[in-house]
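I have placed the structure first, in the form of structure tokens, so that the comments after it can refer back to it.
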Amino acid sequence: MDFSNKVVYEIYPKSFQDSNHDGVGDLRGVIQRLDYLAELGVDYLWLTPFFVSPQRDNGYDVADYCRVDPRFGTMADLEELVEQAGRRGMGLMLDMVFNHTSTQHRWFQKARAGDPVYQDYYIFRSGEKLPTNWVSKFGGPAWKYVPELGKWYLHLFDETQADLNWNNPRVREELKNVLRFWKGKGIQGFRFDVVNLISKPDVLEDDQEGDGRRFYTDGPHVHEFLQELVRDAGIGDMITVGEMSSTSLENCLQYSGAGTGELSMCFNFHHLKVDYRDGDKWSLMPPDRAALLRLFDTWQIKMQEGNGWNAVFWCNHDQPRVVSRLGDDSVYREVSAKMLATCIHLLRGTPYIYQGEELGMTNAGFTSIDQYRDVESRNYYQILLDAGKTPAEALDILAARSRDNARTPMQWDAGENAGFTDGEPWIPVQSNYREINAEAALRQPDSVFHYYQALIRLRKELPVIQEGDISFLYPDQSDVFAYRRTLDGEEVLVFCNLLSKERSLPLTGCYEKRLGNYPDIQWDGQTVTLRPYEAVVLTAVSNL
Ligand code: TEU
């Protein structure tokens with residue numbers, strides 16, 4: 001299946017739209033906003049988990065894969081959402097968290113009660129001391145002791161997220177049934193959470209070189225497991241995207257390659273680590289833009305050569321807002337948000353937009369630990385303090401890196417709580433909502449919203465954007481993201497100035513402007529000059 005002409009929009013339901021005054025977004029809230037999404041022009045709505053969950057990790061701790069959490073609504077609401085989205089030409093993608101379940105899940109509860117059948121659903125090890133030195137992605141050891149069993153269980157994330165044992169065929173059958181169930185409800189696709197971590201080796205050992213990830217990342221049977229899941233659940237024709245943590249290019253070619261029977265595409269995060277000092281998310285560093293460009297170049301070219309397919313994106317519910325991170329969220333907010341959108345949307349791959357990105361929403365601007373809700377952020381605040389940081393230093397790090405930067409309520413209008421709720425929002429609203437909101441953006445013809453809309457239209461209009469080959473231009477320029485797409489004599493050129501400094505580049509040929517974030521273009525036929533954060537999209541004019 002080819003998803004090259006599609007665009008996906010990610011919704012974090014908890015922060016999207018509240019319809020029942022409890023301060024938490026819900027499914028009926030999403031229904032209320034479908035016209036807005038249809039106007040933007042997206043094809044699929046990926047909803048992050050709304051299944052029954054104790055919400056330790058905002059739904060990524062699933063206690064029942066086949067029921068809607070009452071906080072988010074009912075199954076009838078979900079069915080209506082599928083139907084109403086379908087009427088507007090949009091399909092739903094659900095988020096399958098299959099690496100782990102909540103410890104509140106029935107399976108784990110039975111395991112904890114001593115049932116050996118269910119203990120084999122998870123990764124338990126006996127003994128007095130930690131089975132391995134592996135570290136949880138949310139900080140601390142990756143094992144939790146259950147005194148009544150005298151056993152430890154593995155949790156790569158929070159201690160309430162117990163890793164499933166995919167080596168057990170019964171586990172794999174259970175998960176196929178979950179997919180069959182949702183397929184039966186008219187769901188059009190799936191996003192698989194950290195799916196390249198599902199296969200652990202049979203023998204688990206200490207990692208002398210790192211935190212354990214090298215043993216389970218793109219693990220021993222991951223490709224077989226995915227092929228079996230996709231085949232047996234009958235989802236091979238649906239849109240499927242895997243979230244790949246610390247993956248490799250070779251593995252992504254296999255996950256997303258044409259004819260491998262695995263997924264339609266994958267997310268990788270290498271380009272979102274170029275501001276991590278020594279790979280450490282909690283150690284701040286200005287973005288290394290040269291490294292960013294090299295990564296895009298390598299991944300785009302190698303995925304093209306090997307017939308793989310990328311999901312292309314800057315933002316999701318785990319990442320800081322891109323305009324704050326790589327753009328300028330003050331003077332050049334709109335212009336830099338449009339430039340960053342241009343970089344991504346014309347690449348070879350299927351673009352993903354995260355709620356609010358199309359408005360140029362910024363980081364949260366939190367200044368007190370009380371404003372944070374995220375389990376990872378709260379854990380790391382403590383870890384940073386324990387490591388000797390002052391509270392002010394730790395807060396500065398969270399302000400740049402916390403996942404809550406993406407989770408502040410969607411800014412709909414200039415009214416109370418940005419139109420998100422008339423209750424008390426579960427997480428504070430970013431205070432710039434009076435200026436940055438959907439209502440204002442819809443009114444303003446040259447808003448960030450309308451620019452995203454134009455990018456989506458352009459993808460649909462030009463097969464060269466969907467299927468064309470890509471090559472990168474001006475490799476010696478570390479602050480200009482520029483590439484060429486070509487297909488059957490059609491050609492598109494994309495120029496993005498990543499900084500506020502003007503630059504001039506040589507450009508000759510016959511081109512016309514298709515889109516840009518400045519009203520005109522500075523090109524004399526020999527040299528194109530890019531103003532601060534300028535993006536220009538040109539198409540070749542045939543001289544026949
Ligand atoms: O995230 C996987 C993941 O490893 C990260 O994006 C994580 O948030 C980051 O590395 C921590 O620094 C997925 C989900 O997107 C995330 O929301 C969940 O918390 C996580 O899996 C566990 O299910």
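The values are calculated or read from the model by the stated rules, or taken from the named source; none is laboratory data. This one's a predicted model, so the numbers in the text were calculated from it and none came from an experiment. Using ideal geometry, Cβ is built from the backbone for each residue, glycine included, and neighbour counts are taken over all protein chains shown. To get the accessible areas, we keep the full protein, side chains included, count just its heavy atoms, and leave off ligands, DNA and RNA. Shrake-Rupley method; radii C 1.70, N 1.55, O 1.52, S 1.80 Å.
A few points about this structure:
- Pairs of alpha carbons in segment 106-162 separated by more than 19 Å make up 22% of all such pairs.
- Beyond 18 Å, the tail of the calculated P(r) for segment 468-543 holds 35 percent of the Cα pairs.
- For the chain, the residue among Val464, Val335, Gly23 whose Cα projects farthest onto the positive side of the dipole built from Cβ charges is Val464.
- Taking each DSSP H run with n ≥ 4 as -39500 (n - 2.57) and averaging over every residue of the chain yields -8500 deg cm²/dmol at 222 nm.
- Sites Glu461 and Ala76, calculated FRET efficiency, Cβ-Cβ separation with R0 30 Å, nearest 0.05: 0.20
- Measuring spread by the Cα atoms of segment 345-502 yields a radius of gyration and Dmax of 20.0, 60 Å.
- Additional length obtainable on full extension of the chain from Asp488 to Ser4, 0.36 nm per residue less Cα span: 172.6 nm
- Looking at segment 193-247, the GluC sites (Glu not before Pro) that sit in a DSSP loop and have at most 10 other Cβ atoms within 10 Å of their own Cβ are Glu209.
- Only aspartates and glutamates eight or more places from Lys151 in sequence, or on another chain, were considered; those with a Cα closer than 15 Å are Asp115, Asp120, Glu128, Glu159, Asp163.
- Restricting the calculation to Cα atoms, the chain yields a radius of gyration followed by a Dmax of 23.2, 81 Å.
- Those trypsin sites (Lys or Arg not before Pro) in segment 306-389 that DSSP places in a loop and that have at most 16 other beta carbons within 10 Å: Lys389
- Label-point separation, Lys110 to Glu39 (7 Å along Cα→Cβ), nm: 4.9
- Computed with every protein chain present, the accessible area of Asp396 is close to 100 Å² [probe 1.4 Å].
- Calculated diffusion of segment 217-285, Stokes-Einstein form, Kirkwood radius summed over Cα pairs, 4 °C and 1.567 mPa s, µm²/s: 98
- Here the accessible area of the chain is 47 percent carbon and sulfur, with a 1.4 angstrom probe and all protein chains present.
- Pairs exceeding a 19 Å alpha-carbon distance, out of Lys14/Lys176; Lys14/Lys110; Lys110/Lys185; Lys6/Lys460; Lys281/Lys389; Lys129/Lys281: Lys14/Lys176; Lys14/Lys110; Lys110/Lys185; Lys129/Lys281.
- Convex hull of Cα atoms in segment 67-179, direction-averaged projection (nm²): 8.9
- Two-site label geometry, Arg67 and Asn432: point separation in nm, points 7 Å out along Cα→Cβ: 4.2
- Each Cα pair under 8 Å and six or more residues apart adds its sequence gap; the mean of these over the residue count of the chain is a relative contact order of 13 percent.
- In the full protein context, the chain carries 37 Å² of accessible surface per residue, based on a 1.4 Å probe and ignoring ligands, DNA and RNA.
- GluC sites (Glu not before Pro) restricted to DSSP loop in segment 392-448 with at most 13 other C-beta within 10 Å: Glu435
- If both residues of a DSSP beta bridge must be in the chain, then about 65% of such bridges are antiparallel.
- Between helix 75-87 and the chain: long-axis angle, C-alpha atoms, 0 to 90°, nearest 10: 20
- Charge dipole magnitude, Cβ of K and R +1, D and E -1 - segment 287-424, Cα centre, debye nearest 20: 580
- Taking a straight line from the alpha carbon of Lys302, these aspartates and glutamates sit under 12 Å away, with near neighbours fewer than eight places off in the same chain left out: Glu250, Asp469.
- Length gained on full extension, Leu130 to Val117, computed as 0.36 nm times the residue gap minus the Cα-Cα distance: 2.4 nm.
- Listed residue (Pro141, Pro351, Gly114) projecting farthest to the positive dipole end of the chain, Cβ model: Gly114
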